[in-house]
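Working notes, beginning with the structure itself.
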Amino acid sequence: MNVVVATSNAGKIREIEEAMQGLGWTLSPLGSLPLPEETGTTYEENAALKACAAAVMLGRPALADDSGIEVEALGGEPGVYSARYGNRDSDVERNVYLLEKLRGQTNRRAKFVSVVILAYPDGHLETYRGELPGTLLEGPRGANGFGYDPLFVPDGETRTLAEMTVPEKRAVSHRGRALAALREAHRDGPPARETTPGV
Ligand code: ITT
C-alpha cells in the first residue's frame with residue numbers, strides 16, 4: 001500500500017518511518033500540500049482533519065498523528081494545544097514556558113497521548129490511540145526526539161525520551177503504541193470494514 005504521511009513535523013516522520021518498517025508499505029511525504037487548520041477540540045478530530053484532507057487531495061490513503069502532553073497539575077493542559085503552547089514558536093521556548101508554569105509544583109505527573117488515523121480517499125477512517133504516563137523533570141536532559149521529550153521520563157524508565165534512540169522511544173511511547181496497534185490490525189492485509197446492515 002502506498003500511504004502519504006500527513007505531517008509537517010520531522011520528528012514524527014522519523015518515528016513513523018521507523019515504526020512502519022517491514023510492513024511492506026511505501027510511505028511518501030506530503031510534499032508542498034498544506035495541512036488544514038487544526039480546528040478540532042480532540043486529538044481524534046484533528047487527526048481526522050489532517051488525514052482526510054491529504055487522502056482526498058492526493059487520492060491515496062493518508063496517515064496522520066495528532067498528539068500532545070497532558071499535565072496533571074495544569075488540569076490537563078496543554079493537551080491538543082501542545083504544538084502552540086503559550087504562543088511560543090519553538091520546542092525550546094515551549095519547554096521553558098512549561099517549566100515556568102510548573103515552578104514550585106511538586107506534582108510533576110503528565111502523560112503523552114497520540115491518536116493516529118489512517119484515512120482512505122472514500123472517507124473511511126481507522127483510528128488508533130496510545131498513551132504514555134510519566135514525570136516531568138525540572139530541566140531538560142538529552143538531545144534526541146522533539147517537543148517535550150527532554151523533560152519527560154516515562155514510568156519505569158530513568159532516561160528522558162530525548163535520551164533514547166528512535167527504536168527505544170518507539171518501544172515505550174504513545175505514538176509507538178498507536179502505530180503498533182495499526183501494524184497489528186494490518187498484519188494480514190487491510191482490516192475488514194464494518195458494514196451497516198442493509199447498506
Ligand atoms: P503536524 O500537525 O504537522 O503533524 P505538529 O507538531 O503541529 O505536526 P500536533 O498538532 O499533533 O503536531 O502537535 C503535537 C505537539 O505535541 C508537538 O508539536 C509537540 O510539541 C508535542 N508532542 C507530541 N508528541 C510528542 C512526542 O512524542 N514527544 C515530544 N513532544 C510531543
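The values are calculated or read from the model by the stated rules, or taken from the named source; none is laboratory data. This is a predicted model, so every value here is computed, not measured. Using ideal geometry, Cβ is built from the backbone for each residue, glycine included, and neighbour counts are taken over all protein chains shown.
Determine if the range 161-184 includes at least one residue that is touching a residue at least 24 places away in the same chain (Cβ under 8 Å), among the small types (Gly, Ala, Ser), outside any helix (DSSP H, G or I) and within 25 Å of VAL56 (Cα to Cα). Scanning the range 161-184, I find no residue that is touching a residue at least 24 places away in the same chain (Cβ under 8 Å), among the small types (Gly, Ala, Ser), outside any helix (DSSP H, G or I) and within 25 Å of VAL56 (Cα to Cα), so the answer is no.
What number of residues within the range 5-34 satisfy the criterion of being modelled with pLDDT of 95 or more and either part of a helix (DSSP H, G or I) or under 21 Å from ARG129 (Cβ atoms) (or both)? Summing the residues that are modelled with pLDDT of 95 or more and either part of a helix (DSSP H, G or I) or under 21 Å from ARG129 (Cβ atoms) (or both) in the range 5-34 gives 17. The residues on offer are VAL115, VAL153, and the sole one that is within 11 Å of the ligand (Cβ to nearest atom), in contact with a Gly (Cβ under 9 Å, 6 or more places away or on another chain) and at pLDDT 95 or above is VAL115. Taking the condition of being more than 9 Å from the ligand (Cβ to nearest atom) and either of a type outside the set (Val, Ile, Thr) or crowded, with 24+ Cβ neighbours inside 10 Å (or both), how many residues in the range 45-70 meet it? Within the range 45-70, residues that are more than 9 Å from the ligand (Cβ to nearest atom) and either of a type outside the set (Val, Ile, Thr) or crowded, with 24+ Cβ neighbours inside 10 Å (or both) number 16. Of all residues in the range 71-80, exactly one satisfies the criterion of being among the β-branched types (Val, Ile, Thr) and either without any contact (Cβ under 8 Å) to a residue 60 or more places away in the chain or within 11 Å of the ligand (Cβ to nearest atom) (or both), namely VAL80. When residues in the range 1-44 are screened for being within 12 Å of the ligand (Cβ to nearest atom) and either without any contact (Cβ under 8 Å) to a residue 24 or more places away in the chain or of a type in the set (Lys, Arg) (or both), 7 of them pass.
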